[in-house]
Each structure stands twice: as C-alpha cells, then as structure tokens.
C-alpha cells in the first residue's frame, strides 16, 4: 500500500516536471487509443507532433499555422490563468470570444466601404469591449448576488452561440451574399483586415497581442501588487482578506481581463484567419484554452509553451486526419486526456509518495 | 381549449418528457453534492450516456439494454473523476471540466457512423381506458415508463436521504468529512459510491435524450443540459423534490419556446435564436434569484462541498 504525505511546500522540481510527464503519459494513452482505432500509434504520434514542423512536404504550410492557432489560445489562456490563480472560474471564454468577434466585426462592417487608418484600431477596442461586457455579467452577478460564476459564464456561451447565429442570419449578413448566412469577408476589406504581418510566418496582430499579454502577465504577477493579491487570494483567501484584498474587486478585475483578452482573440480571428462572422465561427478555442492554462501551470511563460504545443496538436490532428484518416474527434479526446493526466500527476508536486514496507526496512 | 395553437394538456404532457434528462442528471448530482463532492462533469457524463446508450440499443435492439448501457457509460466516465479527485486529490472544478471536455470528444469519436440511424422505438405502457380521461389522461397516461421511473428515483433519493441511516451518513460526510472520518465512516468509499450513482443517473438522462427525446445521434446532442442540471441543484437548494419542480420549470420553458417557434398564430414573432437562448437565460435569472435575498440557497449547501479529503493520520 502506498501512503501520501503532504509536502510542506510544493516541490520545485515537479512544478516544472509534471507538464512534461503529463505530455508523455498522454502520448502513451493516446497511442493506445489510436491503436484501438486501427492506426499505427507511432505513425500517428509522429504525424501529430513531428511532421507539421519537420516534414519537408508539409512544414511549409504547417509552420505558419502554428502561430495562427497558438495566438488565440495563448491570449485567452493568459486571461483565464489570472482568474484560476485567484480561485475565480471563468469557463465561458468561448462566449466572450464570440461576443468580441461580433462587436469587432460589427464596428468594421459599419464603416464599409470606407477606407481609413483608424478602422482597425476601433475594431480592436470594440472586440475587447465585447468580451469585457460579456464577462462582466457573471462578474457583477457574483459580486452583487453571490451567483455562481462557473455556471453563469458557461450558460452564457450558449446564449452567445445563439446571438452569433442570429447575427450571421440577420443583422451582419452580407447583403451581396445571395442570401447565404455569414457576413462580408473582412479579409477583402483592407482597412478592417488583420493581415499576416511577415509573409510566411503566420504572424498577425493577434499573435503580437498574445506575446504582449504574456509579458504583461509576467510583470503583473512578478512585480505588481495586483499580481501578489491574485496569488494570495488563491493560496490563502482568509489571509488575503485580512491583508485588505477585496475579493469583489479581484472578481471584477480577473473576469474583466480574461473577458477582454478572449474578446480580442475573437476579433483577431474574425478579421484574420476566419475572415467573416458565420454560424460555425467558434471552434472551441475558449475551452481548449482552459487546458492550455493548466498545461502551462498558470504561469505566463508556461502558457506560451503550452499554447504552442496545443496548437501543434490541432495542426497535427488535421494532418493525421488527412494522411491517416484519424477522426478529428480523436484529437479532441486526446486534448481532454492531456488535462486528466496533468491533474493526476499534479499530485507529485504537493504530496510525497511513501511505501511503508520500504520505510520499515530502512529503519 | 388552445392558446395561439398551443394546447395546454399537450404542453404539460410534453414538458414532463422534456424534463426527464435534466431531472435524472440533477438528482444524481444532488446525491454527489450531498456527499461533499462537486462534479462539474455532468455534461460529459450525460453525452457519454447518450452515445453508449444509443450504441447498445442499436446493436441489441432493446431499449432497456440501451438505458442500462447509458447508465454504465456515465458511470465509467465518473470512474475517471473518482480516480483523479478521490485518489490523486486533484482539484474538483478542474477535473469536472476535464471530464466534460473529454466526454464531448470521446462521444463524438464513438458516435462516428451512427449519424442518421434510428434507435429501437419507445415501448409505450398499455394504459387502456386511463388514457381516455379528458385532460388528465393526456397529461398523466401517455408516457413511456422512463417518465415515471425518473419521478420514482426522485422519491427514492428523498426517502433515503431523509429517513435512512445510509442517507444520514452520506449527509454527514458532506457536511464535515473530518467528523465523519473520526466517527469511523469510510469517507472516500461513501463518496465513490455517490459519484458512481451520479454518473449512472447522468448517463441515464443522456440515454433518454438520444433514445427517446430526439431520437437519433448527433454530436453535442445534450446541448448544455448537464449544465442546466447543475444549476437546478442550486435552484433546488439541495432538496430532492425541488429538483422535480426545477426540472419541470425548465422542461416547460424548453417545450414552450419550441412550440412558439412552430406556432404561426402567436401575435409577436420572436426570432428563433432568441427563443432558443431563453432556457439558458432563465436558468441564469433563476440562479440569481436563488442566490440573493433572504432565501439564500447557498446557505443550504453541504459544508464540505468541493473540498477534498485526505486522512493525514
């Protein structure tokens, strides 16, 4: 029988070691799943993790995609991680992402076909605002009425999805689209388009914003009093209250920041890679970002790396779908598995595992 | 006696059917939360139940086996939750989310090739003349047996929690796991059984969606029903009979908005999307009402809810 012994302080080694261990365990379990599906597990893992970057045939297409997919994931996950650290669970980032896209695209389309330098910056502000107000709903309900923010933020995702459908069928529908759902393509409207900044890299304004968010979050958590309060509120809520940290203020700030960042991610996606508001615009980035935040251990630098890795599973998954006929749902299950293993091996950083029989012999 | 083409007897009869999945999932989650565990993976367990039940029913041709398969699917997924939270002491909120994300992915993987297939038909209970009673016959005696079974489950949970020793122990574990442990009760074992029950009920509810309510398989078929079930537990302030009321309320709203979508004679035309979002909006509204003011639901929450137990001595 094994005995768990609480460590006085979390292990520094395992704090960095667990994500790697979890990825390896997920590869093994995922390989088993692929084998059950009748695919060669080694080939599948290689197709997902190696080919998008180093295969001579596909890398030219896949490498830029890495930043395109990682940008929104990192941007959303950075925001979520602040709340998660303080014990504030915003799990409705998907809805905030949708609302950011609708607000931002709406502002852009309102100016169509005018060409001016200020249109794109206005869209960025509107996108952040859209995500912000959508996140403020659970935040204010939490602070005013003590309503559970987990349930409210999640339920608002379904509301946002319906608003998205309504917008792409009604208000924002392309008047020259022949009655098809979906807005005008922002990619063909130069003042509103979020173009690739350096050709062939996949780098667009959303990726720039993601990098800025990583740096800002790092400074916030390391150097700013607010970052200290966030960490304190998560680790010792009672001590935080005695130290004068207002829990309500933290809820509003953490929800607001994560909502605004998710809204930004939505705006950059709709103006760039997606191009238009359509019924199936959202692709689950808001939920995958939860996995990214945990994989990065809620640490900004960790999230940067985790976002890139998770983007790789998206691209590799598409490649495996194309090359091996691996269903896309298998990748979704694979990503979910990763979160399981992360949570399971996290035990190692907080507890020591002892084997009583060996201890007796040692005496 | 119709209102804008909506017959009240038909409306009540169909809301009883519509509320079965959320009622089953919510009563299961109520037991889980009463034992002090917060399992946010209801949506994931429901959809696993939906696909497992569907596959079992299609291959066996028996609806009963389908429901059993659904319950098993939900319970198997909840085993992962048990392993992570009760053995590896992982955070319950994060693990519940992981369960939902994984369940959604795995169910759509398992469901490949089951789109567009019809499950075996629902076996109607022979009511004889009972069904011909005006109004009440239509409301009470036109359902499949699961409608009655789900109400029976609510009654059973209420009776066990209120009157039996097992229910008392379960509540003790949920209120103070340390005190229960000191009295010699096996906290982890009791919680494991509660979580398994919750998983089986969520799976059963999911199977009802794919076998009776829809009835076919599409990805994401539960469409947030699991989250509404979680909200209903809060709405019910952890009391079994209020789960029934809550489920009927939300079943009623779902059916009413579907009827309004189809109704041509209703004076105001509300766009379909705004009708479709109404169950979620009203859930939020009810949560707000329940969590504020004098009747604070949170005061009734099990004291050890969401806290992991680790016997250090």
Please pull out the direction-averaged projected area of the stretch B:19-226, using the convex hull of its alpha-carbon atoms, in nm² to one decimal place. 12.6 nm²
Using alpha carbons only, how many degrees (0 to 90, rounded to 10) separate the axis of helix A:225-235 from the longest principal axis of chain A? 50 degrees
Cα Rg, Dmax, the stretch A:168-317, angstrom units: 18.9, 62
Is the shape of the stretch A:1-96 rounded, prolate or oblate, going by the alpha carbon gyration tensor and its root eigenvalues a ≥ b ≥ c, with a/c under 1.5 for rounded and a/b larger than b/c for prolate? oblate
Mean separation of Cα contacts under 8 Å, 6 or more apart, over the residue count of chain B: relative contact order %: 36 percent
Cα convex hull of the protein assembly as shown, projected area averaged across orientations, nm²: 34.1 nm²
Return one number: the angle in degrees, 0 to 90 and rounded to the nearest 10, between the long axis of the Cα atoms of helix B:272-291 and the longest principal axis of the Cα atoms of chain B. 40 degrees
As a footprinting exposure proxy, order A:176, A:43 by other Cβ within 10 Å, with the fewest listed first. A:176, A:43
Cα convex hull of chain A - mean projected area over all directions, nm²: 22.4 nm²
Between residue A:5 and residue A:36, what's the calculated FRET efficiency when r is the beta-carbon distance and R0 is 30 Å? Round to 0.05. 0.25
Mean-square fluctuation maximum in Gaussian network of chain B, Cα pairs under 10 Å, restricted to B:51, B:133, B:289, hits B:133
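For an R0 of 60 angstrom, estimate the FRET efficiency from the Cβ-Cβ distance between residue A:117 and residue A:50 and round to the nearest 0.05.
Result of the calculation: an efficiency of 0.90.
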Strictly greater than 18 Å: what percent of every Cα pair in the stretch A:183-260 meets that? 58 percent
Based on the alpha-carbon gyration tensor of the stretch A:108-155 and its eigenvalue square roots a ≥ b ≥ c, which shape applies: rounded if a/c is under 1.5, prolate if not and a/b is larger than b/c, or oblate? prolate
Treat the count of other C-beta atoms within 10 Å as a stand-in for reagent exposure and order A:313, A:201, A:9, A:143 from fewest to most. A:9, A:201, A:143, A:313
When the helices in the protein assembly as shown are scored as -39500 (n - 2.57) per DSSP H run of 4 or longer and the sum is shared across all residues, what 222 nm value do you end up with, to the nearest 500 deg cm²/dmol? -22500 deg cm²/dmol
So how do B:158, A:134 line up by other beta-carbon neighbours within 10 Å, fewest first? B:158, A:134
By how many degrees, between 0 and 90 and to the nearest 10, does the Cα long axis of helix A:247-271 differ from the longest principal axis of chain A? 50 degrees
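Values quoted throughout were computed directly from the atomic coordinates according to the rules given, and no laboratory measurement underlies them. Please read these numbers as outputs of a predicted model, since none were measured by experiment. A quick note on method: Cβ atoms are made from the backbone with ideal geometry, for glycine too, and the neighbour counts reach across all protein chains shown.
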